[in-house]
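Trainee: I have a structure I would like to understand better, so I am pasting it below and will then ask my questions one at a time.
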Amino acid sequence: MTNFREPSIQPDEVPPAEDRVLRPQRFSEMVGQRAVFERLSIAVDASRIRGEVLGHILLDGPPGLGKTTFATCIPRELGATLQIASGAALSAPKDLLPYLSNASEGSVLFIDEIHRLPIAVEEFLYPAMEDFRIDITLGEGVSARTINMPLRPFTLIGATTRAGLISAPMRDRFVMREHLDYYSAADLAEIVRRSAVKLSMPMDNATADEIARRSRGTPRLANNRLRWIRDFSTSRTSGLLDVEIARTALEMQGIDELGLDGFDRKYLETIQRVFSGGPVGLDAIAHTMSTAPDTLEDDVEPYMLRCELVVRTPRGRLLTERGEQHLGALPKSGPQARLF
Ligand code: ADP
């Protein structure tokens, strides 16, 4: 793997060193998502054996479930180079040019948040994906002419939290479309145990299970909670850690037994208190909470819907009996911290 290039991300986007330590580097280090994992492994294997360029792949699912991890592991498995771009930063076709002209044969271009590509950029990508060429228009008006520029065959991996916003022509150009779902408690506990080893934190299984249970099925949250618990135990318990200490640290952050944090509960409470349980439109909830509807739709709602705390109806969001019970089961201000 001599030709693996580190992702081309901007310095202010460089993840903290610990994130890089915790992120799996190879397929063999990845936990969970077995069905997706198997299908991607087969495609990667076949491409390697036949010496053919891997087909384009679209990964979708809520934030923090491993889309970037899959996208960065795939080129490592192929021994190919990787370039990373963000859909939000590609505002015009010319922004794509450096990535496309730099793409070597068999390399991977990963576009995160691909649903945010403007339509002009998306259309510019179609011939690049399908025929490995781009059409560039030179001049204007009657003297305008289009030249075709051939590209070296490459693999595009797109990631999105909003599969529904990807246009049909774009979606159809991906050979594989994979959806990442929330992790089971057992898989998440395994991720917590592996991360704890990487962070040199001795931990028993009960503690790993408890952190997993309170991490909303999401590896990124599990790792964030783990780091907070490590800070808590260093500062308050001279490095001692058990399930009670982990629970106390998490409750101090307002994380309840379902893994919801204060912001998640504020969302449920807004529907319950301000809108009498709903149904209520997303925009109304977002305005009341002084937040962006996108934030609620991407980061908060998928897990609430998954846990059936809320349902979506044609007339808006409705708090379920389960949602009512969850709020009712908690003290008004959320879980209280026990002080050490
Ligand atoms: P996304 O791109 O979907 O938002 P990431 O790929 O950035 O999510 O994952 C967030 C973090 O979660 C990674 O840094 C990694 O540490 C951890 N992670 C994600 N998926 C896995 C997995 N399958 N096994 C182990 N850790 C994982």
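The values are calculated or read from the model by the stated rules, or taken from the named source; none is laboratory data. Note that the structure is a prediction, hence the values are computed from the model and not measured. No Cβ is skipped: glycine too gets one built from the backbone with ideal geometry, and neighbour counts run over all protein chains shown. Quick note on the areas: whole protein, heavy atoms, side chains included, nothing else; ligands and nucleic acids left out. Shrake-Rupley method; radii C 1.70, N 1.55, O 1.52, S 1.80 Å.
Trainee: Hey, could you check the range 247-300 for residues that are in contact with a Gly (Cβ under 8 Å, 6 or more places away or on another chain) and assigned to a helix (DSSP H, G or I) and say which is most open to solvent (accessible area, probe 1.4 Å)?
Mentor: Applying the filter and picking the extreme gives GLN272.
Trainee: As an exercise: evaluate HIS179 against (1) at pLDDT 95 or above; (2) farther than 20 Å from ILE74 by Cβ and give the number of the one condition it does not meet.
Mentor: Evaluating HIS179 over (1) at pLDDT 95 or above; (2) farther than 20 Å from ILE74 by Cβ leaves (2) as the failure.
Trainee: VAL31 - would you say it is of a type in the set (A, V, I, L, M, F, W, C), in a loop (DSSP other than H, G, I, E, B) and touching a residue at least 12 places away in the same chain (Cβ under 8 Å)?
Mentor: Numbers: of a type in the set (A, V, I, L, M, F, W, C): yes; in a loop (DSSP other than H, G, I, E, B): yes; touching a residue at least 12 places away in the same chain (Cβ under 8 Å): yes.
Taking the combined requirement at face value, the residue satisfies it.
Trainee: Ok, one more. Taking the condition at negative phi and within 16 Å of the ligand (Cβ to nearest atom), does LEU199 pass?
Mentor: Judged against the criteria, LEU199 is a match.
Trainee: All but one of (1) in contact with a Leu (Cβ under 7 Å, 6 or more places away or on another chain); (2) in the same structural domain as ASN224 (by TED's automatic domain parsing); (3) of a type in the set (A, V, I, L, M) hold for ILE245; state the number of the condition that does not hold.
Mentor: (1)
Trainee: Then there is this: Does ARG214 satisfy the condition of being closer than 20 Å to ILE245 by Cβ and crowded, with 23+ Cβ neighbours inside 10 Å?
Mentor: So ARG214 passes the test.
Trainee: Sticking with this structure for a sec: Answer yes or no as to whether ALA46 is under 29 Å from GLU123 (Cβ atoms) and open to solvent by less than 40 Å² (accessible area, probe 1.4 Å).
Mentor: On the way: under 29 Å from GLU123 (Cβ atoms): no; open to solvent by less than 40 Å² (accessible area, probe 1.4 Å): yes.
The answer is no for ALA46.
Trainee: Mind checking whether some residue in the range 91-112 is in contact with a Gly (Cβ under 9 Å, 6 or more places away or on another chain), within 16 Å of the ligand (Cβ to nearest atom) and open to solvent by 20 Å² or more (accessible area, probe 1.4 Å)?
Mentor: Yes, the range 91-112 contains at least one residue that is in contact with a Gly (Cβ under 9 Å, 6 or more places away or on another chain), within 16 Å of the ligand (Cβ to nearest atom) and open to solvent by 20 Å² or more (accessible area, probe 1.4 Å).
Trainee: Is it true that some residue in the range 35-58 is within 12 Å of the ligand (Cβ to nearest atom) and outside any helix (DSSP H, G or I)?
Mentor: First, pick out the residues of the range 35-58 that are within 12 Å of the ligand (Cβ to nearest atom): 36-37, 40.
Now narrow it down to the ones that are outside any helix (DSSP H, G or I): none.
No, the range 35-58 contains no residue that is within 12 Å of the ligand (Cβ to nearest atom) and outside any helix (DSSP H, G or I).
Trainee: OK, next. Within the range 120-147, take every residue that is among the hydrophobic types (A, V, I, L, M, F, W, C) and without any contact (Cβ under 8 Å) to a residue 12 or more places away in the chain and give me the one that is least open to solvent (accessible area, probe 1.4 Å).
Mentor: The first filter runs over the range 120-147 and keeps only residues among the hydrophobic types (A, V, I, L, M, F, W, C), leaving 120-121, 124-125, 128-129, 132, 134, 136, 138, 142, 144, 147.
Adding the requirement that they be without any contact (Cβ under 8 Å) to a residue 12 or more places away in the chain leaves 138, 142, 144.
On the way: LEU138: 70, VAL142: 156, ALA144: 40 Å².
So, considering only residues that are among the hydrophobic types (A, V, I, L, M, F, W, C) and without any contact (Cβ under 8 Å) to a residue 12 or more places away in the chain, the one least open to solvent (accessible area, probe 1.4 Å) is ALA144.
Trainee: Could you identify the single residue in THR146, THR160 that is away from the ligand (no atom under 16 Å from the Cβ), farther than 28 Å from ARG50 by Cα and among the hydroxyl-bearing types (Ser, Thr, Tyr)? Working first, answer last.
Mentor: Numbers: THR160 fails: away from the ligand (no atom under 16 Å from the Cβ).
Only one candidate qualifies: THR146.
Trainee: Only one of these conditions is not met by ARG230: (1) in a loop (DSSP other than H, G, I, E, B); (2) within 16 Å of the ligand (Cβ to nearest atom). Which number is it?
Mentor: The one condition ARG230 does not meet is (1).
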